[in-house]
1. Does residue 124 qualify as being in contact with a strand residue (DSSP E or B) (Cβ under 9 Å, 6 or more places away or on another chain) and in a loop (DSSP other than H, G, I, E, B)?
2. May I ask you to verify whether residue 122 is over 25 Å from residue 223 (Cβ atoms) and either in contact with a helix residue (DSSP H, G or I) (Cβ under 7 Å, 6 or more places away or on another chain) or crowded, with 18+ Cβ neighbours inside 10 Å (or both)?
3. Check 79, 102, 22 and return the single one that is surrounded by fewer than 19 Cβ atoms within 10 Å (Cβ to Cβ) and in contact (Cβ under 8 Å) with a residue 24 or more places away in the chain.
4. Evaluate the following for residue 155: is it assigned by TED's automatic domain parsing to the domain that holds residue 95, surrounded by fewer than 17 Cβ atoms within 10 Å (Cβ to Cβ), touching a strand residue (DSSP E or B) at 6+ places or on another chain (Cβ under 9 Å) and part of a helix (DSSP H, G or I)?
5. Inside segment 220-250, can you point out the residues that are surrounded by 14 or more Cβ atoms within 10 Å (Cβ to Cβ) and out of contact with any helix residue (DSSP H, G or I) (no Cβ under 7 Å at 6 or more places or on another chain)?
């Protein structure tokens with residue numbers, strides 16, 4: 001099994017468990033596909049994740065250090081000045097906690113559902129009017145200047161900003177409707193690599209609405225409390241794959257499974273799992289397939 005994918009979660013981390021909380025990414029998963037959300041949070045079987053993008057993580061870490069310097073000095077970042085945005089990084093005692101997406105984040109217990117909702121923000125600036133401005137770092141490499149995010153797959157980016165805005169408002173802060181993606185775009189127009197990348201920095205504004213969040217949380221809670229498996233998302237490739245693979249594997253349900261075909265050279269450090277005979281499959285023959 002890949003070190004990056006652990007499909008079966010410990011019960012404490014499933015819905016109803018002592019360690020389960022509703023993260024911003026789980027809200028996004030519910031918005032994409034309720035069946036995948038249910039499998040993940042109710043049944044404890046997570047989607048396979050993408051491999052980590054260490055370059056993006058490095059850009060995020062360096063941007064946070066750079067913005068923290070301005071935060072400590074109470075100064076404006078040059079990019080904000082270039083875009084005419086009169087704002088500086090927010091100096092708040094909880095900034096480190098709010099940026100800790102894995103363990104903390106901005107938190108709020110939703111009154112209607114009792115769900116503890118949380119999300120780890122990249123940065124927060126404060127405008128001259130005292131309103132907080134959500135900033136989300138993005139790193140990529142594409143041709144042309146990044147000035148807008150209008151593709152269908154950008155909907156998740158927009159929901160992300162809006163959930164952060166909603167969480168801050170639930171914590172009593174005045175929050176600007178307009179947040180920004182702080183984009184670092186690695187350019188490709190240099191003559192040689194020479195061991196470095198040059199990034200073009202842009203601020204991409206987005207005026208969001210948090211009106212959808214309350215209703216979404218109510219529907220999400222109803223989904224978790226139901227014993228009925230939700231329908232798959234219309235555009236969910238994971239559900240399409242599971243359905244197609246399940247149908248293709250049904251004829252093999254009561255057949256013994258072959259061991260992996262070994263190479264001529266032994267696989268160092270690998271153990272080959274051999275097939276169980278049909279008589280060992282028991283009352284649930286499909287369990288060995290799916």
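The values are calculated or read from the model by the stated rules, or taken from the named source; none is laboratory data. Computed from a predicted structure; not experimentally measured. Because the Cβ atoms are built from the backbone with ideal geometry, glycine has one as well, and the counts that use them run over all protein chains shown.
1. Working: in contact with a strand residue (DSSP E or B) (Cβ under 9 Å, 6 or more places away or on another chain): yes; in a loop (DSSP other than H, G, I, E, B): no.
No, not satisfied.
2. On the way: over 25 Å from residue 223 (Cβ atoms): yes; either in contact with a helix residue (DSSP H, G or I) (Cβ under 7 Å, 6 or more places away or on another chain) or crowded, with 18+ Cβ neighbours inside 10 Å (or both): yes.
It is true that residue 122 is over 25 Å from residue 223 (Cβ atoms) and either in contact with a helix residue (DSSP H, G or I) (Cβ under 7 Å, 6 or more places away or on another chain) or crowded, with 18+ Cβ neighbours inside 10 Å (or both).
3. On the way: 102 fails: in contact (Cβ under 8 Å) with a residue 24 or more places away in the chain; 22 fails: surrounded by fewer than 19 Cβ atoms within 10 Å (Cβ to Cβ).
Testing whether each residue is surrounded by fewer than 19 Cβ atoms within 10 Å (Cβ to Cβ) and in contact (Cβ under 8 Å) with a residue 24 or more places away in the chain leaves just 79.
4. On the way: assigned by TED's automatic domain parsing to the domain that holds residue 95: yes; surrounded by fewer than 17 Cβ atoms within 10 Å (Cβ to Cβ): yes; touching a strand residue (DSSP E or B) at 6+ places or on another chain (Cβ under 9 Å): no; part of a helix (DSSP H, G or I): yes.
In short, no.
5. Quick first cut of segment 220-250, residues surrounded by 14 or more Cβ atoms within 10 Å (Cβ to Cβ) only: 220-221, 223-224, 230, 232-233, 236, 238-239, 242.
Scanning segment 220-250 gives 221, 242.
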